[in-house]
Amino acid sequence: MKSDINTLKTLIESAWENRDLLSEPATKEAIRQVVEAVDKGELRTAEPIDLEKSEWQVNEWVKKAIILYFPIQKMRTMRAGELEWYDKMELKHDFEALGVRVVPHAVARYGAYIAPGAIMMPSYVNIGAYVDTGTMVDTWATVGSCAQIGKHVHLSGGVGIGGVLEPVQAAPVIIEDNCFIGSRAIVVEGAHICRESVLGSNVVITGSTHIIDVTSDEPKEYRGYVPPRSVVIPGTYMKKFPAGEYGVSCALIIGKRKESTDKKTSLNDALRDFGVSV
């Protein structure tokens, strides 16, 4: 980067408090340098502190720079043959040089980092996101703004990974290394899926979803967090309402991925160990 981190951080924090500074060339340059660094994977909106303990920190000032990037960009018309768009954000380019396989009609915004060896089927990756090496973003999967996707993750067809920019202190969705996210699963609201976990098809994980470990005599409940190597399927629990008792959606941890199980295993293979099919 052209400027040191402390200088960039000071300029970004000052502009965050005083938006009049957005008109100054030094501020605009600082914002653009930060977004370029995020695009190259040199800076991240969130980063691991201790992967073994699944500890992460949110870099609020980097998120602020991304938010401030929007007002300094001008709207413009973009065309590809008969297709037309009207937006202020650039798209990511030069995938061959980046070592990323991108299948038509995949789209990634400038300011998203896609590591060498990643594969994008027709899908979408938003600004601020981080997609690590060996990860497959499958057909019609979406990776929201600032979401952090680890190495050798499979985001199956139609998976929805939520994004977050504001509030700046909010943690983004985190999917750690070697996770398998089943078709049409949804992970949003800063949910944290720890390494080598398997989410079955149609599992929904939000910040408030009841995630219930049913592998012991007594259930153990989590919110917005799936422990390492968990195998998770959709479930329901009964809740009383004024009109009666009804089943409410939840997620069930039915076991741990076996050490002997190949990390590239299919969803069906992972679930077969527990006699479950979803």
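Straight distance only, please: which lysines reach the Cα of Lys258 with their own Cα at less than 28 Å, same-chain residues fewer than 8 apart left out?
Partners found: Lys53, Lys151, Lys220.
Once fully extended, how much extra length lies between Ser216 and Glu166, figured as 0.36 nm per residue of separation less the alpha-carbon to alpha-carbon distance? Please report the intermediate quantities before stating the final value.
Values: separation 50, 0.36 × 50 = 18.00 nm, distance 3.80 nm.
Full extension from Ser216 to Glu166 adds 14.2 nm.
Which one of Ile161, Thr45, Thr10 is farthest out on the positive end of the charge dipole of the chain, using unit charges on Cβ (Lys, Arg +1; Asp, Glu -1) and the Cα centre as origin?
So the residue we want is Ile161.
Using DSSP, restrict attention to beta bridges with both residues in region 147-261 and report what percent are antiparallel, rounded to the nearest 5.
DSSP beta bridges in region 147-261 are roughly 45 percent antiparallel.
Between Lys258 and Phe95, what is the FRET efficiency for a Förster distance of 35 Å, r being their Cβ-Cβ separation, to the nearest 0.05? Present the calculation step by step, with values, prior to reporting the outcome.
Numbers: r = 36 Å, r/R0 = 1.02.
Plugging the Cβ-Cβ distance into 1/(1 + (r/R0)^6) gives 0.45.
Kindly state, to the nearest 0.05, the FRET efficiency for Leu51 paired with Glu82, given R0 = 41 Å and r defined as their beta-carbon distance.
Numbers: r = 46 Å, r/R0 = 1.12.
Working from the Cβ atoms, E equals 0.35.
Cα convex hull of the chain: how many Å³ per residue? Don't skip to the end; give the middle numbers.
Values: hull volume 47.1 nm³, N = 278.
Once divided by residue count, the hull of the chain is 169 Å³.
Per residue of the chain, what 222 nm ellipticity follows from adding -39500 (n - 2.57) for every DSSP H run with n ≥ 4, rounded to the nearest 500? Mind showing how you got there, number by number?
Values: 5 runs with 51 residues, N = 278.
Mean residue ellipticity at 222 nm (helix-derived): -5500 deg cm²/dmol.
Sequence neighbours fewer than 8 away in the same chain don't count; with that in mind, list the lysines whose C-alpha is under 20 Å from Lys9.
Candidates past the 8-residue exclusion: Lys28, Lys40, Lys63, Lys64.
Does region 5-72 come out rounded, prolate or oblate, given a ≥ b ≥ c as the square roots of the eigenvalues of its C-alpha gyration tensor, rounded meaning a/c under 1.5 and, failing that, prolate meaning a/b above b/c?
Details: a/c = 2.70, a/b = 2.17, b/c = 1.25.
Since a/c reaches 1.5 and a/b is larger than b/c, the shape of region 5-72 is classed as prolate.
Taking neighbour Cβ counts within 10 Å as the exposure measure, how do Val58, Val231 sort from fewest upward?
Values: Val58 20, Val231 26.
In order of increasing Cβ crowding within 10 Å: Val58, Val231.
Jot down the per residue volume, in cubic angstrom and as a whole number, of the convex hull over the alpha-carbon atoms of region 82-123. Intermediate values should be presented prior to the final figure.
On the way: hull volume 3.3 nm³, N = 42.
Cα convex hull per residue, to the nearest whole number: 79 Å³.
Classify region 1-158: rounded, prolate or oblate, from the alpha-carbon gyration tensor (a ≥ b ≥ c, eigenvalue square roots; a/c under 1.5 rounded; otherwise prolate if a/b is larger than b/c)?
Here region 1-158 falls in the oblate category.
Can you check what the net charge comes to around Ser54, using other residues whose Cβ is under 10 Å from the Cβ of Ser54 (Lys, Arg +1; Asp, Glu -1)? Present the calculation step by step, with values, prior to reporting the outcome.
Working: positive: Lys53, Arg195; negative: Asp50, Glu52, Glu55, Glu176.
With Lys, Arg at +1 and Asp, Glu at -1, the neighbours total -2.
Would you work out the charge dipole size for the chain about its Cα centre, treating the Cβ of every Lys and Arg as +1 and the Cβ of every Asp and Glu as -1, and quote it to the nearest 20 debye?
Magnitude of the dipole: close to 400 debye.
For Trp140, Trp85, which order do you get if you count the other beta carbons within 10 Å of each Cβ and list the fewest first? List each step's numbers first, then the result.
Working: Trp140 16, Trp85 12.
So the residues, fewest neighbours to most, are Trp85, Trp140.
If you take the alpha carbon radius of gyration of region 102-222 and divide it by 2.2 N^0.38 Å, what ratio comes out, to two decimals? Each step should come with its number before you reach the end.
On the way: Rg = 14.0 Å, N = 121, 2.2 N^0.38 = 13.6 Å.
In units of the 2.2 N^0.38 Å rule of thumb, it is 1.03.
Ranked by Cβ crowding within 10 angstrom, fewest neighbours first, how are Ile175, Ile254, Ile212, Ile49 ordered?
Ile49, Ile212, Ile254, Ile175
Bear in mind that the values in this text are calculations on the coordinates, not laboratory data. Here the structure is a predicted model, which means the values were calculated and not measured. We place every Cβ from the backbone using ideal geometry, glycine too, and count neighbours over all the protein chains shown.
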